[in-house]
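**Student:** Please read through the structure below; I'll follow up with questions.
The values are calculated or read from the model by the stated rules, or taken from the named source; none is laboratory data. Predicted, not measured: the structure shown is a model, and the values here were computed from it. Note that we place each Cβ from the backbone using ideal geometry, even for glycine, and neighbour counts take in every protein chain shown. Each accessible area value is taken on the protein alone, full model and side chains, heavy atoms only, with ligands, DNA and RNA left out. Shrake-Rupley method; radii C 1.70, N 1.55, O 1.52, S 1.80 Å.
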Amino acid sequence: SDAICNFVICNDSSLRRHPIIFNPDFFVEKLRHEKPEVFTELVVSNITRLIDLPGAELAQLMGEEDPKLPGANSTASGFFRSLMSLKRKEKGVVFGSPLTEEGIAQVSQLIEYLHKNLRAEGLFRVPGNSIRQQILKDALNSGTDIDLDSGEFHSNDVATLLKMFLGELPEPLLTHKHFHAHLKIADLTLFDEKGNKTSTPDKERQIEALQLLFLILPAPNRSLLKLLLDLLYQTAKKQDKNKMSAHNLALMFAPHILWPRNVTANDLQENITKLNNGVTFMIKHSQKLFKAPVYIRECARLHYLGSRAHTSKDDLDLLTSSGSKELQPLKSQKRSRLDSCHQEETQQRTEEALKELFQHVHNMPDSAKKKKLIRQFNRHPAVLTPGSDVPTSPAPRRTRSRSFSGLIKRKVLGTPVILERKSRDATPEPVRVSKENIQLLQKCGSPAHISQMKLKSLEGQKEGSCRRMRARLLSKDSSSL
């Protein structure tokens, strides 16, 4: 981070040796100023993920349509609008003018003074002296240097003048475009186990939504809002002295921060509680609201550095779904390197799977299916044969005999054949023997028994037939051996 800061921020070589504190939102601000359209698209896409904004309200947030505000067509609103226009005819550099950096610099004197005088009871509620306020207002409008610590002004004078400045702005500090979005944020609540909405506010989602909304505020509005909320947060911390809690302060400032201009409380009857509670929430959590969410920081950093380091899957998915070609963080060299690694890993897994498959086929009992599979392996040895550690040659074939003479052979060499079958976990197939041959075998006895008895002569035709059969079997045995 130090190298990045030295390269981007410090153009003066004399300052590069000094330690630099890196601003985590540096790339966020850089993206906001250099490519505002890309930045806005990224932020708004995440706002709509958190709150439901119909087409018209989304268009108002993006500035594509004029905001439709409550009480805009009422008679009272027209009267207030004409009254405000009369006041703005005498506008100066600060009061009644659109918010500018120059105006913020003048008003920041008031905020700085109030930070030193937060113990005054009823601060922002008790009005100050109107004559002193007018003197102070004229001085600020003319750009004259003011010494607020001289004792000429009271803290209530300064507090009332600050509210007056906010009330004379052409639009509230949070702008008209954001009005409907803040109403939706107030409705963000937790869900129960059954998926039904509860009345408990979802603070985490509300904070995240406010962080995103504050990112797309105009820069002067965001700067002054941060100064103001910091002041109100510190004021609420001293409520044991000044008797001003966060809720009491929200009642004082909600009309200037969030309420639409030229409307009355009657126009906001349905939403006035939401708006006041929303400002209370902002005051209590002001120390978290001006930090960009982590994924926005990461997206902005990736936009300029193009590195995938320290990036989660959700962040990369967010970049892909943003729909902007300028937010593609991957370089071609890194992409090709990752693709080659992925191919090597896939090929290794494929070879391991082929080895297992080939070993399984080799251990199968002898059958037509096994022969077919082995033929397929042999047909494509370079592709299917997984390696030399697994035997590739098929098992030696053993001739099966289904004849009567084969039965006699298995009788003579029965033990080795059975052991061989058991070692291969094969089930011997039954030998088909005719009924006449079985009867004849039972009458004649086994060849082993005949050899032990030295071929005793048998009587009649039975003896002759057995002798002829023995001679025929012996001749076949000698030829096979």
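**Student:** Taking the solvent-accessible surface of protein heavy atoms with a 1.4 Å probe, what is the per residue accessible area of the stretch 166-284 in Å²?
**Tutor:** Roughly 42 Å² per residue, with all protein chains present.
**Student:** So for the stretch 148-222, averaging the separation of alpha carbon pairs under 8 Å that are six or more residues apart and normalising by length, what relative contact order in percent results?
**Tutor:** 22 percent.
**Student:** What whole-number distance in Å separates the alpha-carbon centres of the stretch 168-222 and the stretch 23-56?
**Tutor:** 15
**Student:** If you take every residue apart from GLN133 with its C-beta less than 14 Å away from the C-beta of GLN133, what net charge results, scoring Lys and Arg +1 and Asp and Glu -1?
**Tutor:** -1
**Student:** A follow-up question, please. Leaving ligands, DNA and RNA out of it, report the carbon-plus-sulfur percent of the accessible area of the stretch 187-255 at a 1.4 Å probe.
**Tutor:** 50
**Student:** Starting from the amide H of LEU190, placed 1.01 Å from N in the peptide plane, find each other amide H under 5 Å away whose residue is 5 or more places distant or on another chain.
**Tutor:** THR198, THR200, ASP202
**Student:** Another question about this same structure. State which entries of LYS203/LYS284; LYS238/LYS284; LYS194/LYS288 exceed 21 angstrom in Cα-Cα distance in the structure shown.
**Tutor:** Listed pairs above 21 Å: LYS194/LYS288.
**Student:** Set the bar at 30 Å for Cα to Cα. Now go through LYS68/LYS116; LYS68/LYS137; LYS30/LYS137; LYS30/LYS116; LYS163/LYS241 and name every pair that lies beyond it. Numbers along the way, then the final one.
**Tutor:** Numbers: LYS68/LYS116 40 Å; LYS68/LYS137 33 Å; LYS30/LYS137 36 Å; LYS30/LYS116 34 Å; LYS163/LYS241 21 Å.
Too far apart for the 30 Å limit: LYS68/LYS116; LYS68/LYS137; LYS30/LYS137; LYS30/LYS116.
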